[in-house]
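First the structure, in the form of structure tokens, and then the observations on it.
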Amino acid sequence: MIPILLAMAAVAAPQSDRLPPAKPLPMAVDGEEGAVMRSVSALLRAIERGDGPALLATVNADGAATVVADGRSPKTMRWVDLASGLKADNSRAEERLGTPAIEFDGDVAMVWAPYTFLVNGAVHHCGYDHFDLVRQAGSWKVLNVTWSQRTTGCAAP
């Protein structure tokens, strides 16, 4: 029986090793989608401002941030380490998210969105963000964020 199921799965498997494109939802301004996106936005704004304490207020301390840049090995940073490395400076950093796909199951949420990162108004890099969040004491906290990062093929602001 198992060999038959494996054979059927092989025939039904997609021919590409890439996932199908996410089905983004329109950005909600209220409801649970809005609450999740406000948490994600607060995290991004804290990073842009170089504000470590504000970053720590938006996350679950047990989580981490992981980047996979231009095909290099993943680099993971615990939130406390990322927050301690943030510094406010004179550069103007901004991360612009595209239309997110948001999924929920009880107190767990996932956000997948393309992004473009700008420094002083110029495109620095782009990729996709994947946030996973947990609801704690009624508010959404970012547990982990993983993102791809590349410098080619980025849309202009």
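The values are calculated or read from the model by the stated rules, or taken from the named source; none is laboratory data. Given the structure is predicted, the values throughout are model-derived calculations rather than measurements. A quick note on method: Cβ atoms are made from the backbone with ideal geometry, for glycine too, and the neighbour counts reach across all protein chains shown.
Values as computed for the structure displayed
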read-out: Selection count, the range 113-140, where residues are under 16 Å from Glu32 (Cβ atoms) and buried (at least 19 other Cβ atoms within 10 Å of the Cβ); value: 3
read-out: Total residues in the range 82-102, condition over 13 Å from the mean Cα position of the chain (by Cα) and either closer than 23 Å to Val36 by Cβ or at pLDDT 95 or above (or both); value: 5
read-out: Criterion violated by Thr151 - all others in (1) buried (at least 16 other Cβ atoms within 10 Å of the Cβ); (2) among the hydroxyl-bearing types (Ser, Thr, Tyr); (3) farther than 21 Å from Leu56 by Cβ satisfied; value: (1)
read-out: Among the candidates Val111, Val134, residue that is touching a helix residue (DSSP H, G or I) at 6+ places or on another chain (Cβ under 9 Å) and assigned to a strand (DSSP E or B); value: Val111
read-out: Matching residues, the range 52-75, being surrounded by fewer than 15 Cβ atoms within 10 Å (Cβ to Cβ), outside any helix (DSSP H, G or I) and on the phi < 0 side of the Ramachandran plot; value: Ala61, Asp62, Thr66, Arg72, Ser73, Pro74, Lys75
read-out: Pairs, first under 12 Å from Val134 (Cβ atoms) in the range 49-66, second loosely packed, with under 13 Cβ neighbours inside 10 Å, C-beta under 8 Å, six or more apart; value: Asn60/Gln136
